[in-house]
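Asks: Sharing a structure below in structure tokens format, with a few things to ask.
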Amino acid sequence: MIALFKWLRWSSPYNSLRQYVTGIITRCARAAPYKIPASNDCSNCVSLPTHRQFKMPNNFTSMVELHAYMDKTGDFQHILKEIGRSMSGPVHVILRPRRTGKSTFLRSLAEFMKKTSPGDAMVRRRTFEKYELAISRDEELFERHFGAHIVLYLDLTNVVGLDLAGLQASFVQAVLNGVQDMKESGCFNGNHDELEPEDIYFLKQIRKVSQRADATSPLDPINILKQVIRVANRLSKRCVFLIIDEYDTPIAVAMDKGYYAEANYFLRQALGDVLKNEPAVSGAMLAGIMDLAQAGWMSGLNQMTAFTLESPEYEIMFTEGDVETLFYMANHPKPTEHTPLPFTFDKLKAWYGGYDSASGRKLYNPWSVTNALSKKRLGSFWEKTGVDIRAQDLMQNMLDEDADFGADIDGLLADGHITCHLPRNLKADCDLANMTRPQLLRLMVYTGYLNAVPFDSAKTPSVQLSNGGYDDDDDEDTNVLAVNWHQLQIRGVPEANTEATKLTIPNQEVRGVFIDWLKLNMARKLDTPERISESQDLFEITHSADLETFANSFSIWIEQKLPTNFISEVECVYQAYIFGYFAAAAAHRENPREWSVTIEQAAGQGRLDLLIQNSTHAVVHEYKRLEPKKEYKDKNGTIKRIIRDYKNPKTETLLERLSIKALNQTENRRYRVTIGEGVTELREVGIAFLRRNTAIVSRLLERPDKDTEWRVKEEYTVEQDRIRRKRMYHNVATIPEPWIRKSWEP
């Protein structure tokens, strides 16, 4: 039956018959699985439990056949060429951000190297050769290494615990999972008479533990990996190749839970000693995020080489050519299934690209690209791992305690980049609880939240600064001071083992994560009785007071209450803070469910910035930001950088235009379609920001019922707002105290 299945699987003619009979065989196999006879002819023979009695095509083969696999097998050569060249096998460590194809690459390497049954090997070999995967073109490497190794695959993703005992128990389970995959190679089917009594006992213990439902185990967590490798080596007469995925997860969790020293000592004995001293190991491939080479359990490994994103080897992320190919295939499927993608290739690149390789090629996040193409939508598919969650917690604490870090985040969101001195690597034994700002930025590079490019000051042009106003018609500016861009922008003081690095937010997806961080941070800051009381006062004014009262109160609130650790040069900073304030007010009302407060709500032909509504009243906000500084070239080609001054008439005019544009957008993009059917009063507000200065225009609309058109009841014009701004920002009159008119009652 198995032979018939394989013939049907690979024969090209008679497609309908093949699919029909294959379906029958598959259903029969599920109902009564084919049992592989156990090798228990002698009393010393031990058969391990089997989970896959009927061998179906594996995920790797299916991905290749469905053209869902991007060929990265050419990078196998980097480690294959080193196997057998020295007494101790090579240890390659791939360091990449999260969700960048590390696990897929490791699984592909395992499918290529592992020794399995002849039938399975034939299926896999045909996959490599039929689809001309890159490694199959190197005949010498292919013939020497294909299906020739005993491979032990360890996935340490779930090797975690609240304490050392929990971590050790999960490590034992990870090894047992790897043993189940090793059994396919037949490495435990040799002559068991050649084993020592303790090896026989060890195999029996593995079988008992695998069949037991409880989590307790008599197996020694320190020696279990070493014993598995030695037994496999003695029975198969072959060395074992180790593949370890998420190798840094256990130590990252241990650092977070406070038992780093104990976990480091355990992993040094259980893993480090195997990689360094075990002669039955032919080599190892590890993948993770953090570099544990300079400290931790990996220090001292003789043959270890780490490959970061800056290394030319192992470019396992999607290249632009890969993404272009996938985009074309997704946009041009079979004629009967054609559904065009609702986004362009350029938008796909903006959402999931932005990483740079050592060779200068642009790299993309494979996980997010494939999700976007399969689900036919652009959005955030970012999923957090243990290291990511720790980085988020550290960032929240740093925002509260370090104003420079807040300026970093604001600069990244506003200008798209910052330049600072970063440590070249992050040691595993660094104190995460007291991590410095440069260390945290380096951790954010490791986890993929930032892209790092070495900063070359020699290529940096000189620019000129101006404190004058600016618009598109400016030809000259006064008060110009020539400075060097490198001296102006670089942050921090260089220390030992650091380098000047340019940091950028890679893409739109990660930018959304930063905005979510800001919203969370704002919510934490606002969770105090004083702030909640203030927010409720402003909330009432926002949906019930006259428009002029709102403009006065809101602008004074922005001037006095926006956190000082944000320069506020980017729209999402205002958006996050305003949302947090109003959300806190709505949540602490007598009926928390009466009002809904949403941000970045899809509406009509765009996305409105803030929507507040209950059953009868609604408020729509649209925000715009005037860049506080801007670069341009004058007639002589000199790069100038304009710093806008609010008191400059040109700057004030630009701000007014932006506020009018924001208000018009609420109508032109049909934001009103999101308003509830029972709402009879709607306030549309357009707000333009320049640092803490605001220009506000608004209108109040009403309708008796949902079937009636909206009618303008009241307007707050740019002329009225100009009077407010002169009073606030030009010292024509004093700012009313307190900042909210307590005499006003809704």
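Asks: If a residue has to be assigned to a strand (DSSP E or B) and open to solvent by 10 Å² or more (accessible area, probe 1.4 Å) to count, how many in the range 137-152 make the cut? Give the derivation first.
Replies: Looking only at the range 137-152, we keep the residues that are assigned to a strand (DSSP E or B), and these are 149-152.
Filter again for open to solvent by 10 Å² or more (accessible area, probe 1.4 Å), leaving 149, 151.
The qualifying residues number 2.
Asks: Filter the range 125-136 down to residues that are open to solvent by 60 Å² or more (accessible area, probe 1.4 Å) and touching a residue at least 24 places away in the same chain (Cβ under 8 Å) and give me whichever is nearest to the chain's Cα centre (by Cα). Please lay out each step first, then the result.
Replies: Initially, the range 125-136 is screened for residues open to solvent by 60 Å² or more (accessible area, probe 1.4 Å), giving 125-126, 129-132.
From what is left, the residues that are touching a residue at least 24 places away in the same chain (Cβ under 8 Å) are 126, 131.
Working: Arg126: 35, Tyr131: 31 Å.
Among those that are open to solvent by 60 Å² or more (accessible area, probe 1.4 Å) and touching a residue at least 24 places away in the same chain (Cβ under 8 Å), it is Tyr131.
Asks: Out of (1) touching a residue at least 24 places away in the same chain (Cβ under 8 Å); (2) within 42 Å of the chain's Cα centre (by Cα); (3) under 22 Å from Thr549 (Cα atoms), what's the single condition that is false for Val718?
Replies: Every listed condition holds for Val718 apart from (2).
Asks: Let me ask something additional. Is it the case that the range 719-729 has a residue that's open to solvent by 10 Å² or more (accessible area, probe 1.4 Å), in contact with a helix residue (DSSP H, G or I) (Cβ under 8 Å, 6 or more places away or on another chain), modelled with pLDDT under 95 and within 20 Å of Arg625 (Cα to Cα)? Outline the logic, then answer.
Replies: From the range 719-729, those open to solvent by 10 Å² or more (accessible area, probe 1.4 Å) are 719-720, 722-723, 726-729; that's our starting set.
Subsequent filtering for residues that are in contact with a helix residue (DSSP H, G or I) (Cβ under 8 Å, 6 or more places away or on another chain) retains 720, 722, 728.
Going one step further and asking which of them are modelled with pLDDT under 95, we end up with 720, 722, 728.
Right, trim to within 20 Å of Arg625 (Cα to Cα) and you get 722, 728.
Yes, the range 719-729 contains at least one residue that is open to solvent by 10 Å² or more (accessible area, probe 1.4 Å), in contact with a helix residue (DSSP H, G or I) (Cβ under 8 Å, 6 or more places away or on another chain), modelled with pLDDT under 95 and within 20 Å of Arg625 (Cα to Cα).
Asks: Next question, about the same structure. Yes or no: Asn497 under 30 Å from Asp291 (Cβ atoms) and modelled with pLDDT of 75 or more? I'd like the intermediate steps shown before the answer.
Replies: Values: under 30 Å from Asp291 (Cβ atoms): yes; modelled with pLDDT of 75 or more: no.
No; evaluated as a whole, the condition is false for this residue.
Asks: Further, regarding this structure: Quick check on this structure: which one of Thr104, Thr157 is farther than 23 Å from Met298 by Cα and touching a residue at least 24 places away in the same chain (Cβ under 8 Å)?
Replies: Thr104
Asks: Tell me, which residue of the range 78-122 that is modelled with pLDDT under 85 and among the charged types (D, E, K, R) is nearest to Val64 (Cα to Cα)?
Replies: Asp120
Asks: Another question, then. Of all the residues that make up the range 87-101, how many are under 25 Å from Gln303 (Cβ atoms), under 29 Å from the mean Cα position of the chain (by Cα) and crowded, with 22+ Cβ neighbours inside 10 Å?
Replies: If we filter the range 87-101 for residues that are under 25 Å from Gln303 (Cβ atoms), which is where we start, we get 87-96, 100-101.
Add one more test, that the residue is under 29 Å from the mean Cα position of the chain (by Cα), and what stays is 91-96, 100-101.
Checking which are crowded, with 22+ Cβ neighbours inside 10 Å leaves us with 91, 93-96, 100-101.
So the count comes out to 7.
Asks: Would a scan of the range 266-284 turn up a residue that is of a type in the set (Ser, Thr, Tyr) and under 24 Å from Asn365 (Cα atoms)? Spell out the reasoning first.
Replies: Taking the range 266-284 and keeping what is of a type in the set (Ser, Thr, Tyr), we get 282.
After this cut, where a residue has to be under 24 Å from Asn365 (Cα atoms) as well, the list is none.
Within the range 266-284, not a single residue is of a type in the set (Ser, Thr, Tyr) and under 24 Å from Asn365 (Cα atoms).
Asks: What do you reckon, is Glu111 closer than 22 Å to Tyr314 by Cβ, within 34 Å of the chain's Cα centre (by Cα) and open to solvent by 20 Å² or more (accessible area, probe 1.4 Å)? Can you show your working first?
Replies: On the way: closer than 22 Å to Tyr314 by Cβ: yes; within 34 Å of the chain's Cα centre (by Cα): yes; open to solvent by 20 Å² or more (accessible area, probe 1.4 Å): yes.
Answer is yes for this residue.
Asks: Tell me, which residue of the range 730-745 that is of a type outside the set (Lys, Arg) and open to solvent by 100 Å² or more (accessible area, probe 1.4 Å) is modelled with the highest pLDDT? Break it down into steps so the answer makes sense when it comes.
Replies: Our first condition is that a residue be of a type outside the set (Lys, Arg); within the range 730-745, this holds for 730-740, 743-745.
The next check asks that each one be open to solvent by 100 Å² or more (accessible area, probe 1.4 Å); those that pass are 731-732, 734, 737, 743, 745.
Values: Asn731: 60, Val732: 47, Thr734: 44, Glu737: 40, Ser743: 35, Glu745: 39.
Top of the filtered list is Asn731.
Asks: Give me the helices (runs of 4 or more DSSP H) completely within the range 203-305, filtered to those with at least 1 residues that are over 33 Å from the mean Cα position of the chain (by Cα), under 25 Å from Arg85 (Cβ atoms) and at pLDDT below 90, ordered by residue number.
Replies: Numbers: elements: 224-236, 249-257, 260-267, 273-277.
Helices (runs of 4 or more DSSP H) meeting the threshold: 224-236, 273-277.
Asks: Answer yes or no as to whether Val619 is modelled with pLDDT of 85 or more and over 30 Å from Glu594 (Cα atoms). Break it down stepwise before answering.
Replies: Details: modelled with pLDDT of 85 or more: yes; over 30 Å from Glu594 (Cα atoms): no.
No, not satisfied.
Asks: Then there's this: Please enumerate the residues belonging to the range 344-366 that are closer than 24 Å to Trp517 by Cβ, at pLDDT 85 or above and surrounded by fewer than 20 Cβ atoms within 10 Å (Cβ to Cβ).
Replies: Lys347, Lys349, Ala350
Asks: So in the range 395-429, with the set limited to residues that are buried (at least 19 other Cβ atoms within 10 Å of the Cβ) and closer than 16 Å to Ala254 by Cβ, which one is modelled with the lowest pLDDT?
Replies: The qualifying residue modelled with the lowest pLDDT is Ala428.
Asks: Answer yes or no as to whether Thr501 is in contact with a strand residue (DSSP E or B) (Cβ under 7 Å, 6 or more places away or on another chain), of a type in the set (Val, Ile, Thr), over 27 Å from His617 (Cβ atoms) and open to solvent by less than 10 Å² (accessible area, probe 1.4 Å).
Replies: Details: in contact with a strand residue (DSSP E or B) (Cβ under 7 Å, 6 or more places away or on another chain): yes; of a type in the set (Val, Ile, Thr): yes; over 27 Å from His617 (Cβ atoms): yes; open to solvent by less than 10 Å² (accessible area, probe 1.4 Å): yes.
Against the criterion (in contact with a strand residue (DSSP E or B) (Cβ under 7 Å, 6 or more places away or on another chain), of a type in the set (Val, Ile, Thr), over 27 Å from His617 (Cβ atoms) and open to solvent by less than 10 Å² (accessible area, probe 1.4 Å)), Thr501 qualifies.
Asks: Continuing with this model, one more query. Taking the condition touching a Leu at 6+ places or on another chain (Cβ under 7 Å), open to solvent by 10 Å² or more (accessible area, probe 1.4 Å) and closer than 17 Å to Asp322 by Cβ, does Asp75 pass? Spell out the reasoning first.
Replies: Numbers: touching a Leu at 6+ places or on another chain (Cβ under 7 Å): no; open to solvent by 10 Å² or more (accessible area, probe 1.4 Å): yes; closer than 17 Å to Asp322 by Cβ: yes.
Considered against the rule, which asks whether it is touching a Leu at 6+ places or on another chain (Cβ under 7 Å), open to solvent by 10 Å² or more (accessible area, probe 1.4 Å) and closer than 17 Å to Asp322 by Cβ, Asp75 comes out as no.
Asks: Glu540 passes all but one of (1) under 20 Å from Met398 (Cα atoms); (2) surrounded by fewer than 19 Cβ atoms within 10 Å (Cβ to Cβ); (3) modelled with pLDDT of 80 or more; (4) not basic (Lys, Arg); which number fails?
Replies: Failed condition: (1).
Asks: Name the residue that is modelled with the lowest pLDDT, counting only residues in the range 504-518 that are under 16 Å from Gly353 (Cβ atoms) and of a type in the set (A, V, I, L, M, F, W, C).
Replies: Here the residue is Val513.
Asks: I'd like to know if the range 604-616 contains one or more residues that are more than 23 Å from Ala585 (Cβ to Cβ), modelled with pLDDT under 85 and either open to solvent by 30 Å² or more (accessible area, probe 1.4 Å) or assigned to a helix (DSSP H, G or I) (or both). Walk me through how you get there before you give the answer.
Replies: First, pick out the residues of the range 604-616 that are more than 23 Å from Ala585 (Cβ to Cβ): 604-606.
Next cut, modelled with pLDDT under 85 only: 604-606.
Now restrict to residues that are either open to solvent by 30 Å² or more (accessible area, probe 1.4 Å) or assigned to a helix (DSSP H, G or I) (or both): 604-605.
The answer is yes; a qualifying residue exists.
Asks: Could you check the range 317-338 and list, in sequence order, the residues that are at pLDDT 85 or above and among the aliphatic types (A, V, I, L, M)?
Replies: Hits for the range 317-338 are Met317, Val323, Leu326.
Asks: From the set of residues in the range 153-201 that are of a type in the set (Asp, Glu) and assigned to a loop (DSSP other than H, G, I, E, B), which is farthest from the chain's Cα centre (by Cα)? Give the derivation first.
Replies: Taking the range 153-201 first, the residues of a type in the set (Asp, Glu) are 155, 163, 181, 184, 193-194, 196, 198-199.
Restricting the remaining residues to those that are assigned to a loop (DSSP other than H, G, I, E, B) gives 163, 196.
On the way: Asp163: 27, Glu196: 48 Å.
Here the answer is Glu196.
The values are calculated or read from the model by the stated rules, or taken from the named source; none is laboratory data. Note that this is a predicted model, so its numbers are computed, not measured. A quick note on method: Cβ atoms are made from the backbone with ideal geometry, for glycine too, and the neighbour counts reach across all protein chains shown. Side chains included, ligands, DNA and RNA excluded: accessible areas come from the protein's heavy atoms. Shrake-Rupley method; radii C 1.70, N 1.55, O 1.52, S 1.80 Å.
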